[in-house]
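The values are calculated or read from the model by the stated rules, or taken from the named source; none is laboratory data. Note that this is a predicted model, so its numbers are computed, not measured. Cβ: placed from backbone, ideal geometry, glycine included. Neighbour counts: every protein chain shown.
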Amino acid sequence: MSAPVLVTGAFGQVGKRVTELLLSRGRTVVATDLRTDTTLSAADELAGATGPGTLHTTFADLLDSGAVEALVEEHRPGTIIHLAAMFSPQSYRNPQLARRINVGGTENLVRAGQKLSTAPLLLFASSAAVYGSRNPHRHPERITADTPVAPIDQYGEDKVLAEGVITRSGLPHACLRLGGVLSPDTTAGINTDHLVLIRATPGDNRLHGVDARDVALAFANAVDHRDSIDGKVLLIAGNDSYAHTHRDVEDAMFEAMGIGRLGPSASLPGDPADDRGWAFTGWFDTTESQALLNFQQHEWRETVAWIAEAQPRFLRIALRTTGSLLRPAIRTALALQRRIEHRGRYADPWSLIAARYGPQALAESSGDTDR
């Protein structure tokens with residue numbers, strides 16, 4: 001009988017799908033997350049799913065080292081899939097708490113794993129944010145596992161620090177650096193903070209998307225490849241059909257919602273002469289990760305259709321009906337907002353982020369912060 005798999009952040013957009021996959025394969029899954037109305041609802045859905053696996057649901061705070069140690073000691077997992085984090089842009093509002101969760105929580109999990117007689121495989125959800133601002137004019141090549149990390153924001157820096165905790169732990173491990181994860185949860189979870197990040201990003205910024213179902217499959221498959229992936233950095237993004245610009249991805253999401261495409265004027269471009277004037281997503285070389293994990297099962301059009309089908313039918317019809325009026329209104333509102341913010345010809349995303357959240361939203365190593 002195989003050892004249990006512990007999944008942190010088990011009821012988020014990737015966590016609930018990897019948990020479901022593992023259960024369908026007959027695994028025993030210990031699913032843990034913070035207790036909220038959203039996670040309780042997701043836990044209830046998973047509990048009602050049929051499958052040969054066994055689900056143990058627990059709600060634990062990774063900042064509570066005693067609770068984490070007790071959880072790991074009780075279930076003695078053979079694999080830990082660590083998805084829990086405080087994500088950007090919400091993390092920009094409270095970077096100190098984010099650091100405690102993203103790095104301190106990882107330290108607690110590692111210490112608990114080190115105390116087991118059989119070391120668990122630790123699979124960590126990292127991010128494209130570790131690469132910082134990527135100017136496609138100066139760096140047209142694809143990002144690889146060997147591309148140096150250079151985080152420009154607080155979240156990317158947290159991920160680099162957490163990766164360091166894991167690589168120094170002595171535990172068997174793999175760091176899965178994720179591209180832009182897409183699912184119906186993506187559009188449902190958009191709030192004012194996300195809108196700031198969307199507006200800040202240059203329209204011609206490279207964005208390598210990936211279907212959340214494929215991300216879940218990558219983690220689920222990794223559980224069975226302990227020896228071949230140990231110590232590796234694996235880039236997780238979709239096949240070449242997912243390599244787009246930010247403007248194209250955003251327009252595809254607006255189209256899926258029923259509003260329609262806003263077009264190039266909805267975004268400012270990045271400055272070709274400014275390496276700091278870009279967001280942190282780029283196009284990944286997924287050759288090795290795909291060969292090892294065989295996770296790229298969907299095409300871009302399938303992901304867009306999935307998101308479109310998940311929209312409430314009445315809302316989609318209403319948005320399609322009013323789309324010809326909404327699109328110019330949104331474009332006008334965006335242009336006015338840029339004038340009010342005194343934005344220039346180029347997007348200059350990190351100046352906007354720092355102005356909105358304060359310099360603490362940037363990495364300590366970034367030139368624009370005293371933190």
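Miscellaneous remarks
- Filter result (surrounded by fewer than 22 Cβ atoms within 10 Å (Cβ to Cβ) and under 26 Å from Q311 (Cβ atoms)) within region 217-244: L217, N239, S241, A243, H244
- On inspection, I166 qualifies as buried (at least 18 other Cβ atoms within 10 Å of the Cβ), touching a Cys at 6+ places or on another chain (Cβ under 8 Å) and modelled with pLDDT of 95 or more.
- Every listed requirement among (1) of a type outside the set (D, E); (2) within 23 Å of L178 (Cα to Cα); (3) in contact with a helix residue (DSSP H, G or I) (Cβ under 7 Å, 6 or more places away or on another chain) is met by S267 save one, (2).
- Options R168, R199: the member that is of a type in the set (K, R) and closer than 22 Å to I80 by Cβ: R168
- Residue check, S366 buried (at least 17 other Cβ atoms within 10 Å of the Cβ), more than 17 Å from T187 (Cα to Cα) and modelled with pLDDT of 95 or more: no
- Taken over region 24-40, the criterion of being among the charged types (D, E, K, R) and assigned to a strand (DSSP E or B) is satisfied by D33 alone.
- Residues in region 50-93 that are in contact with a strand residue (DSSP E or B) (Cβ under 8 Å, 6 or more places away or on another chain) and aliphatic (A, V, I, L, M): L55, A60, L62, L71, V72, I80, I81, L83, A84, A85.
- Picking from residues in region 228-264 that are of a type in the set (A, V, I, L, M) and out of contact with any helix residue (DSSP H, G or I) (no Cβ under 7 Å at 6 or more places or on another chain), the one that is farthest from A200 (Cα to Cα) is V233.
- Condition broken by K159, with the remaining ones in (1) in contact with a strand residue (DSSP E or B) (Cβ under 6 Å, 6 or more places away or on another chain); (2) among the basic types (K, R); (3) part of a loop (DSSP other than H, G, I, E, B) satisfied: (3)
- Residue match in region 269-287 (condition: more than 20 Å from V14 (Cβ to Cβ), modelled with pLDDT of 95 or more, acidic (D, E) and within 18 Å of the chain's Cα centre (by Cα)): yes
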